[in-house]
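First the structure, in the form of structure tokens, and then the observations on it.
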Amino acid sequence: MGIVRAGESPYLCTDDSKKKVTRFKKNKKETGMKKVMIVFLWSVLSSFYNESEAQVIRGSVVNAEQEPLIGVIVKLNSNSKLSAVTNADGQFELNVGKNVKYPVQLQFNYVGYNPYDLDIYEQADNLGTIVLRDKRFSLNNVVVVAYGAQKRKELTGAVSSIDGKELVKNPVTSLEQALEGKLSGVQVTQATGAPGGAVSINVRGTSSISAGNEPLYVVDGLPVVSADLSDVGGYQGNSLSGLADINPNDIASIEVLKDASAAALYGSRASNGVVLITTKKGREGKTQVSLDSYIGFQDIAHKLDFLNASEYVAARNEAIDNYNASLGLTPADATYKQHVTAAVPGADTNWFDEITQKGLQTSHQLTISGGNSQTQFYASGGYYKQEGAIINTGYERYNLRTNIAHQVSQRLNVAANIALSTSNTERATGDNNIYSPWINAISVSPDFSIYDADGRYANVNNSRRNPVQLIKEEPQNSRKYRAIVNLNATYDILPALHYHLNLGGDFNILHERQVWPSTSLQGASTNGDIVDGRAFTFTQLAEHTLDYSHSWGKLALKALGGYSYQKTKLDNAYVEGINFVSPSLIYLDSAGEIAYGGSSAESNALQSLFTRANLNYADRYLLELSFRSDASSKFAAGKRVGYFPAASAGWQISDEEFFPKSSAVNDLKLRASIGYTGNQEGIANYAYHQTYSASSIKYNGKSGYSFPSAKPNPGLTWEKTLQYDLGFDAILFNRRVEVVFDWFRKDTHDLLLSHSINSLSGYSTTTSNVGNISNSGVELAVTTHNLTGKFKWDSRFNITYTKNKVTELVQNAQGEQPYITTGFCNILQVGQPMASFFLIRADGIFQSKEEILAQPGGQALWDKGIRPGDVKFFDKNLDGVINSEDRVVCGSPFPKVFGALSNSFSYHDFDLSIDLQFSLGAKLYAAWKANGTGAGNQGGHANGYAILREEWDNRWTESNPSGSAPRAVAYGAAYENNITNYTSRYLEDADYLKVRNVSLGYTLPAAAVKLLGVSKLRFYATVHNLYTFTAYDGFDPEVTLFPNRTTYRGYDSGSVPQLRSFVFGINLTF
Amino acid sequence: MNTKYIFTAFASLALTACNLDYNPTTAVSDATLTPSDYENLLTGVYDGAQSIKLPINDIAADNLTSPGWWPDIDNNGQTASTSSDINSLWNSHYKYVQLANNLINLIDKQSAPSAQQIQIAAQAHVIRGWLYSHIAQHWGDAPLLLEVSDALAPRNPEAEIWKQVVADFEYGVEYAPEFSDRGYVSKVAAKALLARTLLTGAAEIQDAARAKQLAEEIISSNQFALADNFADIFHAKTSNEIILQWTNLNGDSGSDGWFMRSDIVNLYESENGAGSAGYGEQGRYENRVDKTAFGIFDDADKRKAATVRHLKLANGVETWDCVKFPSYNAADPTPVIRIAELYLISAEAQGYPAGIDRLNQLRQKRGLTPLVVGTDITADNFLEKIMHERRLEFFGEGLRWYDLRRWFHSGEAGKKAVLALRKYQPGEAAGSRPQASETMNIADDGHNLLWPVPQTAIDNDPNLLPQNPGY
């Protein structure tokens, strides 16, 4: 008889394995989606014995290299005491006695290998050779791809995946955290450590200026809303993640589709990659109940040290002395400055400590799953709570998920996946806002007190606000209610032809409130100000697909065709009330006046056709062709349809006859792909319509019509990216090393760009498709199994190098392509990386009078009071004046190289993992140090802002001429010079190495577990963000002000850093 | 069997929706616009006119200062063509001109426009003329566009623009509605604006005699009268002094309220004595009265207390504010033209000595003594006295810059007088607000009495070259 293949994933139901299990049936209970076992069974099923004879079942067990496995436990049924162990040749004999009743089940268990259960339906004395698969190799795993699943072995595109089990083992708090450092080519940047805050995820660089750079997220086949929906809160400089509602504990796997071949089936939304999230499903068999819980706390790992009150006053006076001395002033001069004293005698406030806390973090999840052959279910309830690092902030989430699958008939299967969640984020006014408690806390000088003599919040220096008052008196919160629902059905029209229906909806309700009572700083002028806003976002999907498979000898074909329609509706309303009767009445009922109210609604829809064909010849030659056409309501009728073709090929070269069989290269596949993807995010829903808007057009109490500010462009279309990928997957050195390598290039053209136009037309800007950006790079992921004995040590390493360049921008009437300013200090310029820093270059510190006089206009500088110790700037145009005309390109906010290294160890029942993550080559503008824009002017060492100890200790003095910070000077031209904004003096390297995760676990041994009556119990302790090695002066080099704006990057106005958390947890399964 | 039902239900649900034609919900599109929308378009034109910040003409000149809001305008001597202030003013003026053009063109295209539609068009004409008068005075030669178009346009000579201004106002005199609400353009408002234009526009269209005649017609009609209480003009919402005003109601877009909101700072400062939180010594960014301008008012002048205020706070900080438009929430209107101006137009148009009567009538109403012919006022200083009176009367109302410009070009004496004006006395100690611009910085050639054409506009339309001299 031939080879019997068993144990395929339920995703591969068309495989031939199903037909051949009449005699040996794989028990579904143990079939994990990723846990695919292939058993080559050399059947010798010839003998039929007399029933009364005692029966012995024989066989041998080997690994994939055909090496015998010694010590494999072979057990008869789970409740029987009969078992055997394989000998030195891998052989076993199991005496099953006389009265054995078929069917029976043999269970094979071996440490480090996937367990395997074999159902035997009739008598057999020799099972032949059974192959157990090493757990660690993923090549035979099934990966979820666009509209289906494929064996990794058959994959021709670039797809990275994460197994959901990892997410429960070392808990992650969000989907984004799950992706952090795990995958090559995927860069995750946490914008802020504020709970529930937004995160930026870039797959293979940044390929868009204004249409967004975030990937498309698809949960169980439903593209979901991932944008930051918080309008009101967003305005306050504090964004919320649109993905925070997804409970990471419910995720079975995450796949990131990186190249065009993998992503092109998502067409006009795929340029930034696609993240496919598959949730856990129930399985046939005994009902499993599990509890995953942890509790811990979070804090800020790295605190900044500021001068205390007396040091601060002394520092200011040194700066005043220097000022007087530089200009030769004596007390008789009108401009002579006297020494200062503490603003509030005796006060010494550490503002930072006053508003921060150690926050509780806890999560509990109860899961029940199971089912019979007809119906399987998975149900979970989760609770997560996190207190922020800033007092009065926090995040709390409740999740409920039910996934049910039911076989209606032989041909019809239906399933429903329903996820409900509600969360509440207690927020503080965020970055880049003068009312941010955090930013005020790191800039208010220590010589003020929190409360005045009457016990009221005291005023602080003129330019700042009392941080404690800000956080205590201005509550803001965002509540979210969300349902992600889908229903699907599969109907087998023919054995090889299946129809699949997918209906889904993602409902988002956001309710935001911002309260500024009359006693608060912001609410004082209007006698209280309360904003109450609601946003409803609803997206619905209907999708029909047909898939077909057929083989002709060694040639196998899989084909897929589908139709999809997705509609999204947004609905917003908000009301602002002022003149409140009392500061304690914080609902609009008590508003004396409704200052503003408004609402709006928008819709868009996408109608698509797609098809894909996979050809596989002898598992050696693989070809995939795909094509999608998208019609979007965002474009005018003639411009509506876009086409996104892709092709990819794979060659399993190691299976060729000519390929040398060696232990050095066990397996090698070459891959290549090319294709088009698009990007239509960021295009307003009605951008092509010529309209008159009534929004905010009001005269004498009557609404009227006006032109919108941007000229409508009926020719608008999506951005297109042509992507190439070349790569290989290899297994090396006796299967100890697994390597995935890719080179890629993404050329994006038709970039959407808002640019100024001839304003005589009545419009000053328009958005059109102009400009090109190119990204290229290499990615490498290496998995190694360093030790495989009792003490196991596995490593995973990934590294990505990317290069990004703007290659074309909009032309002005002179035919030039001038640079475009996109952020405080970011520009787009042809030939430079995206969002390059454009700053006045600081060339160190003046060391001598001669050096000052050698500057353009040096004598004038000297006369104004510039002295050794002051900052020297590069005067590009040699005009003796340092201003914005002297700016030069100074680097990129995006890293050149990033990656991660994780090591996991296990010994007996202990497991330990250590994850490191690194980033190199990015720069960060430390705006929190600069004057006026950020938190303070540590650079000036004076005038009412807190002073960073490190800056102070590094200041230039005659005895410390190598100091990197300028001298202290309080007033005048030297002071102004030293605090000049937008200079590279504040631009720092953001390189880092983070100890992202350290986790130690202990699983109770089987005997102990049995005693407790449970099936599994594991304890663990995890530290997240343990330590960051970096030269960056701020809290955290991994921050960004606007996570969703790739053109406004690398700007740290004093963001809340990522928090360090210590948690202790259990995984318990009954 | 039930399989079939489920299947059918799913399929029918899924196949129903496949619409891709969505229309905006917060705007009307060109295709769906009907004549009943013309009134709404006119409201949009008014909204545009209301958005023009008239006090910038006092900030650019020697009355007000605004280091925060309009630093480039405040500092106009150093203004570069790349100034975003200048660019946004250029853009907004042309945007509103095009809004008016659009409406005028739509009504012109009607084969038989109704009487009401003609009245709507007439109001749009007058607002367009008013906008063009600002464009001509700020930029001199500038594109004269009468139809909505994207076409690149060259600059037309300033005189051509003035001719269009006259034509638009004449159209208003003929077809605008009769006066009923001073918040809307009327025949008499058009007539008043025409009188102003004939006196103050380019030499090619100047007609002092007609200006005088129109002014006298309006004065003698007794439809409007000088107010007894000067402050009422600005705070009574509907003062009989005013012929045309932008209403600035609460909730209106583009109202000038915030722009002139000077009192907030003082509330803060006087309450806690510590200066307004977050703004340091510069104070918040509202406009302030130039310190030297504060001294131009006689104590007897009823206008003084209703125009300027000097506060010395407990912490020693001093502020000088314009109180004509005190607060964001007060919803006080912006006067566009009022009867007092027609007194001064008539006076100036009649010249020395015939015009002195009208001048003195106004002065007396404001609590000042009449000027004595031959001693207080002579042929030589007649224009200077008129200009001074206009400054006192219209302080903060957006006329000062234009007056300086025509005064500078009125002859050697005028030029000398304008160059002598300074916001600050040189050498005056800084430290007290305002502090942005130390001087008004009028160049000897007067080039900065015109603004540069914004560089962005030139980049997008090279036909706008050459740039104004001096930039």
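The values are calculated or read from the model by the stated rules, or taken from the named source; none is laboratory data. Keep in mind that this is a model prediction, so the values were computed, not measured. Ideal geometry is used to build each Cβ from the backbone, glycine not excepted, and the neighbour counts take in all protein chains shown.
Some observations on this one:
- Residue check, A:L615 at pLDDT 90 or above, within 14 Å of chain B (Cβ to nearest Cβ) and surrounded by fewer than 17 Cβ atoms within 10 Å (Cβ to Cβ): no
- Segment A:749-763 residues that are within 14 Å of B:R155 (Cα to Cα), paired with ones that are aromatic (F, W, Y) and surrounded by 19 or more Cβ atoms within 10 Å (Cβ to Cβ) (beta carbon under 6 Å, 6 or more apart): A:S759/B:Y94; A:L760/B:Y94
- Residue in segment B:143-165 that is outside any helix (DSSP H, G or I), more than 14 Å from chain A (Cβ to nearest Cβ) and closer than 30 Å to A:N812 by Cβ present: yes
- Qualifying residue in segment B:102-111 (condition: touching a Gly at 6+ places or on another chain (Cβ under 9 Å) and closer than 18 Å to B:L144 by Cα): yes
- Unique residue being away from every other protein chain (no Cβ under 14 Å) and either surrounded by fewer than 18 Cβ atoms within 10 Å (Cβ to Cβ) or at pLDDT 90 or above (or both) when the list is B:P434, B:P469: B:P469
Per-residue answers, yes or no, for (1) within 14 Å of another protein chain (Cβ to nearest Cβ); (2) surrounded by fewer than 21 Cβ atoms within 10 Å (Cβ to Cβ); (3) closer than 19 Å to A:R745 by Cα; (4) under 27 Å from the mean Cα position of the chain (by Cα):
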| position | (1), (2), (3), (4) |
| --- | --- |
| A:W793 | no, yes, no, no |
| A:F797 | no, yes, no, yes |
| A:K805 | no, yes, yes, yes |
| A:E808 | no, yes, yes, no |
| A:Q817 | yes, yes, no, no |
| A:C825 | no, no, no, yes |
| A:R841 | no, yes, no, no |
| A:E851 | no, yes, no, no |
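- Flag for B:E178 being surrounded by fewer than 17 Cβ atoms within 10 Å (Cβ to Cβ), more than 14 Å from chain A (Cβ to nearest Cβ) and acidic (D, E): yes
- Against the test of being closer than 30 Å to B:N250 by Cα and within 14 Å of chain B (Cβ to nearest Cβ), the options A:F635, A:F536, A:F580 yield a single qualifying residue, A:F536.
- Scan segment A:473-508 for residues that are surrounded by fewer than 19 Cβ atoms within 10 Å (Cβ to Cβ) and under 22 Å from the mean Cα position of the chain (by Cα) and the total you get is 4.
- Count - residues of segment A:432-456 that are hydroxyl-bearing (S, T, Y) and either within 11 Å of chain B (Cβ to nearest Cβ) or surrounded by 24 or more Cβ atoms within 10 Å (Cβ to Cβ) (or both): 4
- You will find that of A:I471, A:I404, A:I484, A:I418, the residue that is in a helix (DSSP H, G or I) and touching a residue at least 40 places away in the same chain (Cβ under 8 Å) is A:I471 and no other.
- If you check A:T335, A:T330 for being modelled with pLDDT of 90 or more, exposed (fewer than 15 other Cβ atoms within 10 Å of the Cβ) and either in a loop (DSSP other than H, G, I, E, B) or among the β-branched types (V, I, T) (or both), only one passes: A:T330.
- Number of residues in segment A:267-309 that are aliphatic (A, V, I, L, M) and more than 30 Å from A:D953 (Cβ to Cβ) equals 8.
- Output for segment A:947-976, where each listed residue is in a loop (DSSP other than H, G, I, E, B), at pLDDT 85 or above, surrounded by 22 or more Cβ atoms within 10 Å (Cβ to Cβ) and touching a helix residue (DSSP H, G or I) at 6+ places or on another chain (Cβ under 9 Å): A:I947, A:P966, A:R967, A:A968, A:V969
- Top-ranked residue of segment A:857-907 - restricted to ones that are within 23 Å of A:N981 (Cβ to Cβ) and among the hydroxyl-bearing types (S, T, Y), ranked as surrounded by the most Cβ atoms within 10 Å (Cβ to Cβ): A:S892
- When segment A:340-372 is filtered for residues that are surrounded by fewer than 17 Cβ atoms within 10 Å (Cβ to Cβ), modelled with pLDDT under 90 and within 37 Å of the chain's Cα centre (by Cα), only A:N372 remains.
- Qualifying position, being without any contact (Cβ under 8 Å) to a residue 24 or more places away in the chain, within 13 Å of another protein chain (Cβ to nearest Cβ) and among the charged types (D, E, K, R), among A:E593, A:E602: A:E593
- Residue match in segment A:415-430 (condition: surrounded by fewer than 18 Cβ atoms within 10 Å (Cβ to Cβ), more than 14 Å from chain B (Cβ to nearest Cβ), modelled with pLDDT under 90 and touching a strand residue (DSSP E or B) at 6+ places or on another chain (Cβ under 8 Å)): no
- Matching strands (runs of 3 or more DSSP E) fully within segment A:657-772 where at least 3 residues are surrounded by 21 or more Cβ atoms within 10 Å (Cβ to Cβ) and away from every other protein chain (no Cβ under 14 Å): A:665-679, A:719-732, A:737-749
- B:A80, sole failed condition from (1) modelled with pLDDT under 85; (2) facing another protein chain (nearest Cβ under 9 Å): (2)
- Residue within segment B:113-120 that is in a helix (DSSP H, G or I), among the aliphatic types (A, V, I, L, M) and over 25 Å from the mean Cα position of the chain (by Cα) present: yes
- Condition broken by B:I345, with the remaining ones in (1) within 19 Å of the chain's Cα centre (by Cα); (2) at pLDDT below 95 satisfied: (2)
- Answer from A:E543, A:E512 - the residue that is modelled with pLDDT under 90 and among the charged types (D, E, K, R): A:E512
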